[in-house]
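Worksheet for the structure shown next.
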Amino acid sequence: MRAIRRVGAALLGMVLAATTMSAASADTTRSTSVVRHTDLGTVRGLDQSRTTGTYSWLGIPYAEPPVGPLRWRAPVTHRPWHGVRETTAYGNGCIQQGRLFSPAPSGPHYGLDIRDGLGKPVGSEDCLTLNVFRPATEKRDLPVIVFVHGGSNVVGYSADPMYDGRALARKADAVVVTVNYRLGVFGWLDLPALKSGDPHGDSGNFGTLDQVEALRFVQRNAAAFGGDASNVTVMGESAGAVDVWALMVSPLSKDLMHKVIPLSGGLLFSTPQKARTYAEAFRDEAVGAGTDPQEAVRRLRELPAEELVRAQIRRGAAVGDPPAVIADGTVLPTDYHAAIEAGRFRDIPVLAGNTREEGKLFGSLIGAYRPTDYERFTRQYFFDPDQPSPYEESDFLTDRYLPVDGPGGWNEAAGQLTDAIFTGIALDSLDSVRKAGNTRVYHYRFDWNQEPAPFDTVYGAAHAMDLPFLFRTFDEGLFTFAFSRRNAPGRLQLSDLMTDSVRAFVRTGDPQHAALGMRWEQWPNTLVLDADDRRATVRPLSPAG
């Protein structure tokens, strides 16, 4: 039945793709509007108190569209508007190369047509918007959680249903904000001829500056949505966690953030030399080698955004994604260890997390996946986790990595990816703040791998698998193949433990709560979060373990 519903939804999405809306705005027509007054103007959002117990404001612009002369410039605060602005639908995802975590070609929603945008430009350059969710109560001075999405800083969008902030806002009793920011060469490009004398814009860190601008909007307007501007927690996953760590050491974030929740990421800056080398090669790819530098910039500014994405894709085939974030010395310190040792960040509580099998989402890097991304997305989209699986491990993994638990098999190879990409930067970052004197540093490891076969071994506790548990977004998105009626009791209980920890942390700087049943010791200790099909489990993991 679930598969039949998906087929029907897919067909409807193909017919009405231009007007499809995400789950967060699906009951717009049944909602009563709510009005709030921001410093930029009045917004009318969604009253979903009867259906989800929340209020939502979607697609609020926080900066001017970074188009035309504002392309590759520091963000400009959005001009005030007159009248009441309707904020009942998500804004566009930022222009990017289509991947599994990208928006659909037809708009900022999740659907089968995401696969039609794979490897192609999707999204829009006019994208600097944010979304606000809060419980449908009259409470004031609620903690604020600002979430920065992941995607290697080249893909992703705040309308991804995995980041729907309604359930987290309700369960954490907080104001939740999700943010779009510039990606890829639009977000990070250190090209000398682009420099204008503005030290911030000349940093090349346009995506980082977007995030700072969004935090400034939150600081100015938290109270309008019932939030406490003096209690802002910045949360991010993957590249979003890299961004959170970067914001933590940026001098521009002073007084804009008070706690951080970086998940599956760490301090990882690109050198100016690496960024400059990439930028110059990208320029040549986009407008032709040998072009006069000033003429090249003029042409870069005039090219359609889609053409720039295509140039990025071509360049990526040779050298990978654009470098981000850049240790420019103004927006971000040239030496983040030295900045941390200076002690300015010791009072910011840190709740970090990793999944046990992060690397299992990155089989493409080593040729481990048998199907193409198009085929893999299709199979997972139509998979019914409540029916017998039609697949085996060999349908998803190449022979080289089978059996999965054999020497050189998928489990071993994925473990090496986990260590190489994630473990090192996470440990280094956490150790740095602890050594600087931070006495509130906590870490969890997410071990849940109860997906129906063969996904329990193909993905298991893969990168980003903890996000649906934190946001309690199990019903739509890339990972719905994982969530069955059979594993619901355990995973829902685990989700409760995790969101209750967030609720405690954003208030006190400590994730401890009674339902954990034990003390969550500070780093270098780790708390392992897991569940079988029936119940959640929690256990400590010492540094030696």
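In table form, for the structure just shown:
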quantity	calculated
Pairwise centroid distance, computed over Cα atoms, of the stretch 404-476 with the stretch 488-545, Å	15
The stretch 215-281: equivalent-ellipsoid semi-axes (sqrt of 5 x gyration tensor eigenvalues, Cα, Å)	28, 14, 10
5 Å-binned pair-distance histogram of the stretch 21-271 (Cα, whole percent)	1, 7, 14, 19, 20, 18, 12, 6, 2, 1, 0
Packing-based exposure ordering (other Cβ within 10 Å, fewest first) of C94, C127	C127, C94
Packing-based order for 406-414, 448-456, using average beta carbon neighbours within 10 Å, highest first	448-456, 406-414
Semi-axis lengths, Å, the chain, gyration tensor of Cα atoms, sqrt of 5 times eigenvalues	32, 28, 27
The chain - mean residue ellipticity at 222 nm from DSSP helices (-39,500 (n - 2.57) per run, n ≥ 4, rounded to 500)	-9000 deg cm²/dmol
DSSP bridge orientation in the stretch 349-545 - percent antiparallel, rounded to nearest 5	40
Of K195/K254; K171/K360; K139/K259; K195/K274, those spanning more than 27 Å from alpha-carbon to alpha-carbon	K171/K360
Relative packing of 109-116, 479-486, which averages over residues the other C-beta atoms within 10 Å, highest first	109-116, 479-486
Filtered trypsin sites (Lys or Arg not before Pro), the stretch 262-355: DSSP coil and at most 16 other beta carbons within 10 Å	R344
Prolate/oblate/rounded call for the stretch 103-224, Cα gyration tensor, a/c under 1.5 rounded	oblate
Square roots of five times the Cα gyration tensor eigenvalues for the stretch 418-498, Å	29, 15, 10
Dipole magnitude (debye, nearest 20) for the chain, charges at Cβ of Lys, Arg, Asp, Glu	1140
Sequence ranges 177-184, 466-473, 429-436, ranked by mean other-Cβ count within 10 angstrom, highest first	177-184, 466-473, 429-436
Three-way shape label, the stretch 153-207, alpha-carbon gyration tensor, a/c 1.5	prolate
The stretch 85-163: GluC sites (Glu not before Pro) in DSSP loop, at most 14 other beta carbons within 10 Å	E138
Cα gyration tensor shape of the stretch 349-545, rounded if a/c is under 1.5, else prolate or oblate by comparing a/b with b/c	oblate
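Readers should treat all values here as calculations from the given coordinates under stated rules, not as data from a laboratory. Predicted model only: the values in this text are computed from it and were never measured. A quick note on method: Cβ atoms are made from the backbone with ideal geometry, for glycine too, and the neighbour counts reach across all protein chains shown.
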